[in-house]
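Here's the structure we're looking at; comments come further down.
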Amino acid sequence: MNTWVRSRRSEHSLGAEREHFDKQQLSSISKAINSTETPVKEKHARRIILGTHREKGAYTFWSYSLGFPLASSSILSWKFCHVLHKVLRDGHHNVLQDCMRHHGSLVEVGKMWAHLHDKYGQLVGLYTKLLCTKMEFHAKHKTIPPNLEVSDDDLERAAGTDINNVFQLTVEVFDYMDGELRLAETVIRQLNTSIAISSLTSGQCRLSPLIQVILDCSQLYHFTVKLLFKLHACLPADTLQGHRDRFHDQFHSLKSFFNKARDMLYFKRLIQIPRLPDTPPNFLHAASLAKHKKLVVVIPDQDQFEHEQPDDDDDEPEPLIDVASSPAPVAQAPMPSVDIFDQAFGPPNGAFDDRDLQIDSLKRDLELLRAELDRVKAEAQRYITQLKSQINSLEAELEEQRAQKQRALLETEQLRMELEATRRRNAEHEGLQSTFLEAEKRAQASEQRYNMLKDKHTELVTSHAELLRRSADTVKMLSVTQQTQEEVERTKQQLSFEVDRVKQEADIRMEEQKFEVEKLRRELEEKRVEMMRIKSSLQTTEQASEQMNSSMSSLQAEKERLMRSVSEKEAELSSLRQSAQLQQSSLQQERDRSSRELGELQSKLHQKTSQEEQLKQKLLEEQFALLQGTVTEAENIIQDAVAKIDDPLHIRCTSSPDYLISRAEAALSSVDGLKKGQADYLRNMSDAGGLLRALTQFSHLTADTIVNGSATAHMAPTDHADRLTENCRSCATQSLQYLQDLKTKISLQKADPASVRIIIQKILHLGQELRPKGMDVRQDELGDLVDKEMAATSAAIEEAVRRIDDMMNQARKDTSGVKLEVNERILNSCTDLMKAIRMLVVASTDLQKEIVEGGRGAASIKEFYARNSRWTEGLISASKAVGWGATELVDSADKVVLHTGKYEELIVCSHEIAASTAQLVAASKVKADRSSKRLSTLQQASRYVNEMTAKVVASTRTGQENLEQKDTMDFSGMSLIKLKREEMEAQVKVLELETRLEHERLHLGELRKKHYEVAGVPLDQITEGNGLAPGSPKPSKPSKPMLLTKPSLAQKPNVLPKNMFK
């Protein structure tokens, strides 16, 4: 049985699906476009639009729409324009190309109705002109779709950089907007002057297309504002005065239209119309562009309004997803499908559920039966098509008989005229009695032929009337069937082929008739020649008698030929009557058989519909059972997380506030997904997949947040730890309560995860309070702070260079000799160092811009700095260190030149600047590309700074040695005891200095600890900057003096360790 079904499906599935699609499209088009004065229903238009997406074009729509009598009904034309507007806006992108092929016919329909004095006719004329403008505009500008949904960047690309193209595009948008506004104003003016209001169907029929007009106008207004601002930025204001006047007129018209539409009851439940500003934008002021806001039109869900107005004649609803389009493979056995719950937690008994297999098998059987039903319908449709083709052939034969009748009448009229001419000639020659008698005989023969033709004409008229009555009966019998079954494209092609064949036969018969007419004309010419001979026979009696004898024989032959032709025509007419009777009897038999088959198919359809309803109910129950199992498992996960809070083994687990914040944010997003999944399930309870996925994610992320919140509380202060633990328990309680509400269908409608969201937000807030203090700066201010610090550093370096120049000039005035030489050497080296630092800052700024542009992607610069906050804070700290070091170096140099400072301060400041620049290089290098040229430039600048620092230290030490007066030690006059005493005093001083040095090192270590604590870095992350690890014992005094050991240099405050840059 299954093999037979599969073979039947493989044979008829494609054709059945296509015929089913054509049937649904024709049904929707015929219900949407009719002569009834009611608005087009949204569901019919939606099915037509979905059909364009399915076949990737509007071929089916136009093939059926061309058959409508648009020239006979203005309401039909109006609704056709409305559906075409919706198809252009929401249909497939290939719809525009298909519509452009029928542009000429649309223009002709609009011109025809525009010249008629009909209210709907005037509207149709304006609407067709608008649609033609719309098609021409979008065919020219292919980057702008017909729905006008395009971003500002795409609009800029469509306009281009040529100002002439921008000017032309603006004019085309103005024309586009004028067409929209003219149509809207005409519709509203007709409603104001007529009895119809928006609550009546006649008014709604006129108002319904204005929804598409509102959608177009909101986008066109935005395009106009953007393009005019761009034109005013490139062209003088006087040149664009006409554009501004035209925009002001359109602005006031659009505002009036929106205000009137907003007050109508019909639009209040179908569309939310935006409000325009009180005054139009000022294009002469470029800053007004920032005040412009794009108009947003909101269309609520219209399904609820369609459900309130049921349609009794509606056909089977079209599914949004064609299940039959992707059938299961025939040669392979169907694999059992595993749902999301089983993938996450495993099947209940370690195997697949048999009910899923039963559901899948029933679905496949249902699809096969639908395909079989469609095939039977297609056969019935083909029978009807054959009957129609036979009717058309009979009508063609009837037209041919009419043509023959006309030709016979023309021949009769010609013979009458010929008879009258003969009578006039006989009256002139009364003397020739014999000639008159012969002519009278010829006239009698013509009269007899005329009578024969007249009788034949009467018979043809009778047969024509009989055929008309039969055709009317046949049309009446087919009118009922034609309401539910429509022609498909294949049958149209067959019908066109038959019509061509009939036309060819008609042409052949026409040629035969023409041949007979030519033959009769030749005979008529012969008769005229005979008449001339009769005239010549008046001269001689003998010649006339001979000629009359010959003419009598020719007339006799002509009479016999005409009699034969009449008999042939009568035989042909009788055969035609018999064929018509046979066609009528076969047509009646086919109609009876079609009606019986249609009844059987309807009964089968009712049975399949009831079976499908039972399967749907079973599917709903299965989906709810899966939901209950998922909720139970989610409760177990959250309860397990709550149990870990009081678990003694969990007390040793710790977590950072940053990780807790990331888990809480993920849990908040899962709450949003859960709420959306619940709403989708309530709308369609036959599909719980989205809710199951959201429940699984919610349970895991909420449990993760609870566990990490408890772990974070183990390292937090007591107050924060208590609050965090309490909020974790409350989160578990609220989550379990929400999951409990999801277990029953009654409480499922009222279940709301808002309380869970509030508790998770509290946990997130506590995690943010527990973050280190160094992150108190808001992340959206980090980008501005980086730019400010880099600018402040550059300004500090410039100020340092200026002060060094001033000190150089002052030293040249106040000092001379060796001191002047020492001061110039020191200040020159400091100036070179400042220049090197300035080069380093410029290279760092360029590299920083390259890093931001390469790493931010679609995000803004501030968002990039906020996303990399640690690296940004490192840059800020390094910039501050460089600026502070430059200022301190200048102050130390000033003191050295004035002899109020120490050379050691200048050396320490030089080393401090080297350390600060190294920190800036490290902060810039950590995110840079290794192959970047700007990174190489920054490294070269860093090496140059180190060289200049060494030069400053060397020049300082050289100057110090030149200026210090070294006293020679004279021990010649000292005794042994005195030398021993001096030696002891020197050892005491050395020990005092070592002790003081040790105390200062300890003081330095404590200062560095406090510095890292203030900077917000935990002690376990401090590198060995001061030579002491946290908690390590203090170093003991050295057993031997280390006089040659050089102490480490102190570093500036607010210097973060290198690992914070990452």
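The values are calculated or read from the model by the stated rules, or taken from the named source; none is laboratory data. Since we're looking at a predicted model, the values are computed, not measured. As a convention, Cβ positions derive from the backbone with ideal geometry for all residues, glycine included, and neighbour counts pool all protein chains shown. These accessible areas exclude ligands, DNA and RNA; they are computed on the full protein's heavy atoms, side chains included. Shrake-Rupley method; radii C 1.70, N 1.55, O 1.52, S 1.80 Å.
In the stretch 21-35, how many residues are of a type outside the set (Gly, Ala, Ser), open to solvent by 20 Å² or more (accessible area, probe 1.4 Å) and out of contact with any helix residue (DSSP H, G or I) (no Cβ under 6 Å at 6 or more places or on another chain)? So that I can check it myself, show each step before the final result.
Step one: list which residues in the stretch 21-35 are of a type outside the set (Gly, Ala, Ser), which gives 21-26, 29, 31, 33-34.
Now restrict to residues that are open to solvent by 20 Å² or more (accessible area, probe 1.4 Å): 23, 31, 34.
Within this subset, residues satisfying the condition of being out of contact with any helix residue (DSSP H, G or I) (no Cβ under 6 Å at 6 or more places or on another chain) are 23, 34.
Here the count works out to 2.
Identify all residues within the stretch 270-285 that are free of Cβ contacts under 8 Å to residues at least 24 places away in the same chain and over 31 Å from the mean Cα position of the chain (by Cα); write none if there are none.
The initial filter retains those residues of the stretch 270-285 that are free of Cβ contacts under 8 Å to residues at least 24 places away in the same chain, namely 275, 277-279, 282, 285.
Within the stretch 270-285, Asp278, Thr279, Asn282, His285 qualify.
Looking at Gln272, Gln219, Gln241, can you tell me which residue is touching a strand residue (DSSP E or B) at 6+ places or on another chain (Cβ under 8 Å) and polar (S, T, N, Q)? Don't jump to the end; show me each part of the working.
On the way: Gln219 fails: touching a strand residue (DSSP E or B) at 6+ places or on another chain (Cβ under 8 Å); Gln241 fails: touching a strand residue (DSSP E or B) at 6+ places or on another chain (Cβ under 8 Å).
Criteria check complete, one pass: Gln272.
How many of the residues in the stretch 36-70 are over 17 Å from Met112 (Cβ atoms), modelled with pLDDT under 90, among the polar types (S, T, N, Q) and open to solvent by less than 20 Å² (accessible area, probe 1.4 Å)?
So the answer is 1.
Only one of Ser7, Ser77, Ser13, Ser73 is of a type outside the set (A, V, I, L, M, F, W, C), over 29 Å from Arg364 (Cβ atoms) and modelled with pLDDT under 90. Can you tell me which? Let's see the steps before the verdict.
Numbers: Ser7 fails: over 29 Å from Arg364 (Cβ atoms); Ser77 fails: modelled with pLDDT under 90; Ser13 fails: over 29 Å from Arg364 (Cβ atoms).
The match here is Ser73.
Does Ala371 satisfy the condition of being within 21 Å of Lys608 (Cα to Cα), touching a His at 6+ places or on another chain (Cβ under 7 Å), open to solvent by less than 30 Å² (accessible area, probe 1.4 Å) and touching a residue at least 24 places away in the same chain (Cβ under 8 Å)? Show your work before the answer.
Numbers: within 21 Å of Lys608 (Cα to Cα): yes; touching a His at 6+ places or on another chain (Cβ under 7 Å): yes; open to solvent by less than 30 Å² (accessible area, probe 1.4 Å): yes; touching a residue at least 24 places away in the same chain (Cβ under 8 Å): yes.
Answer is yes for this residue.
State all residues of the stretch 75-89 that are surrounded by fewer than 20 Cβ atoms within 10 Å (Cβ to Cβ) and of a type outside the set (D, E, K, R); if no residue qualifies, say none.
Leu76 - this is the single residue of the stretch 75-89 that is surrounded by fewer than 20 Cβ atoms within 10 Å (Cβ to Cβ) and of a type outside the set (D, E, K, R).
Quick one: count up the residues across the stretch 231-269 that are charged (D, E, K, R), under 29 Å from the mean Cα position of the chain (by Cα) and either modelled with pLDDT of 90 or more or at positive phi (or both). Can you show your working first?
So in the stretch 231-269, the residues charged (D, E, K, R) come out as 238, 244-246, 249, 255, 260, 262-263, 268-269.
Remaining after also requiring under 29 Å from the mean Cα position of the chain (by Cα): 255, 262, 268-269.
In the following step, the residues that additionally are either modelled with pLDDT of 90 or more or at positive phi (or both) were identified as 255.
Selection size over the stretch 231-269: 1.
Which residue, of Leu979, Leu993, Leu997, Leu935, is open to solvent by less than 80 Å² (accessible area, probe 1.4 Å), modelled with pLDDT of 85 or more and in a helix (DSSP H, G or I)? If you could, list the steps in order and put the result at the bottom.
Numbers: Leu979 fails: modelled with pLDDT of 85 or more; Leu993 fails: open to solvent by less than 80 Å² (accessible area, probe 1.4 Å); Leu935 fails: modelled with pLDDT of 85 or more.
Result of the check over Leu979, Leu993, Leu997, Leu935: Leu997.
Anything in the stretch 627-651 that is hydrophobic (A, V, I, L, M, F, W, C), open to solvent by 50 Å² or more (accessible area, probe 1.4 Å) and at pLDDT 85 or above? List them, or say none. Working first, answer last.
As a first pass, look at the stretch 627-651 and keep what is hydrophobic (A, V, I, L, M, F, W, C): 627, 631, 634, 637-638, 641-643, 645, 649, 651.
Going one step further and asking which of them are open to solvent by 50 Å² or more (accessible area, probe 1.4 Å), we end up with 643, 649, 651.
If the condition is that a residue be hydrophobic (A, V, I, L, M, F, W, C), open to solvent by 50 Å² or more (accessible area, probe 1.4 Å) and at pLDDT 85 or above, then Ala643 is the only one that fits.
Where in the stretch 90-207 are there helices (runs of 4 or more DSSP H), lying fully within it, with 3 or more residues that are modelled with pLDDT under 85 and surrounded by fewer than 18 Cβ atoms within 10 Å (Cβ to Cβ)? If you could, list the steps in order and put the result at the bottom.
Values: elements: 95-100, 103-114, 119-140, 152-159, 163-193, 201-207.
Here the list reads 163-193.
Considering only the stretch 64-89, how many residues are in a helix (DSSP H, G or I) and either under 27 Å from the mean Cα position of the chain (by Cα) or within 19 Å of Ala45 (Cα to Cα) (or both)? Give the derivation first.
Narrowing the stretch 64-89 to residues in a helix (DSSP H, G or I): 64-65, 74-89.
Remaining after also requiring either under 27 Å from the mean Cα position of the chain (by Cα) or within 19 Å of Ala45 (Cα to Cα) (or both): 64-65, 75-89.
Residues that pass the stated criteria total 17.
For the stretch 695-714, does any single residue satisfy the condition of being modelled with pLDDT under 85, surrounded by fewer than 17 Cβ atoms within 10 Å (Cβ to Cβ) and over 17 Å from Ala754 (Cα atoms)?
Yes: the stretch 695-714 contains one or more residues that are modelled with pLDDT under 85, surrounded by fewer than 17 Cβ atoms within 10 Å (Cβ to Cβ) and over 17 Å from Ala754 (Cα atoms).
Checking Ser686 against (1) open to solvent by 20 Å² or more (accessible area, probe 1.4 Å); (2) within 20 Å of Ser735 (Cα to Cα), only one condition comes out false. Which one?
(2)
Could you check, for the stretch 243-259, whether at least one of its residues is farther than 20 Å from Tyr176 by Cα and out of contact with any Gly (no Cβ under 9 Å at 6 or more places or on another chain)? Full working, then the answer.
Keep residues of the stretch 243-259 that are farther than 20 Å from Tyr176 by Cα, which gives 259.
Filter once more, keeping what is out of contact with any Gly (no Cβ under 9 Å at 6 or more places or on another chain): 259.
Checked against the condition, which is being farther than 20 Å from Tyr176 by Cα and out of contact with any Gly (no Cβ under 9 Å at 6 or more places or on another chain), the stretch 243-259 yields at least one hit.
How about the stretch 655-669: which of its residues are touching a residue at least 40 places away in the same chain (Cβ under 8 Å) and part of a helix (DSSP H, G or I)?
Looking only at the stretch 655-669, we keep the residues that are touching a residue at least 40 places away in the same chain (Cβ under 8 Å), and these are 655-661, 663-665, 667-668.
If the condition is that a residue be touching a residue at least 40 places away in the same chain (Cβ under 8 Å) and part of a helix (DSSP H, G or I), then Pro657, Asp658, Tyr659, Leu660, Ile661, Arg663, Ala664, Glu665, Ala667, Leu668 are the ones that fit.
For Lys675, all conditions in the list (1) under 35 Å from the mean Cα position of the chain (by Cα); (2) within 30 Å of Ile876 (Cβ to Cβ); (3) open to solvent by 50 Å² or more (accessible area, probe 1.4 Å) hold save one; what is the number of the exception?
The number of the failed condition is (2).
Residue check: is Glu399 modelled with pLDDT of 75 or more, open to solvent by less than 80 Å² (accessible area, probe 1.4 Å) and not in a loop (DSSP other than H, G, I, E, B)? Steps first, please.
Details: modelled with pLDDT of 75 or more: yes; open to solvent by less than 80 Å² (accessible area, probe 1.4 Å): no; not in a loop (DSSP other than H, G, I, E, B): yes.
It is false that Glu399 is modelled with pLDDT of 75 or more, open to solvent by less than 80 Å² (accessible area, probe 1.4 Å) and not in a loop (DSSP other than H, G, I, E, B).
Do the conditions hold for Val896, that is, is it in a helix (DSSP H, G or I), open to solvent by less than 50 Å² (accessible area, probe 1.4 Å) and not small (Gly, Ala, Ser)? Don't jump to the end; show me each part of the working.
Numbers: in a helix (DSSP H, G or I): yes; open to solvent by less than 50 Å² (accessible area, probe 1.4 Å): yes; not small (Gly, Ala, Ser): yes.
So Val896 fits the description; yes.
Where the second residue is small (Gly, Ala, Ser) and not in a helix (DSSP H, G or I) and the first is in contact (Cβ under 8 Å) with a residue 24 or more places away in the chain and more than 19 Å from Leu739 (Cα to Cα) and lies in the stretch 614-632, which pairs have Cβ atoms under 7 Å and are six or more apart or on separate chains?
Listed by first residue and then by second, the contacts come to Lys616/Ser686; Leu619/Ser686; Leu620/Ser686.
Let me confirm something: among Asp216, Asp249, which residue is open to solvent by 40 Å² or more (accessible area, probe 1.4 Å), charged (D, E, K, R) and part of a helix (DSSP H, G or I)? Full working, then the answer.
Numbers: Asp216 fails: open to solvent by 40 Å² or more (accessible area, probe 1.4 Å).
After ruling out the rest, the residue left standing is Asp249.
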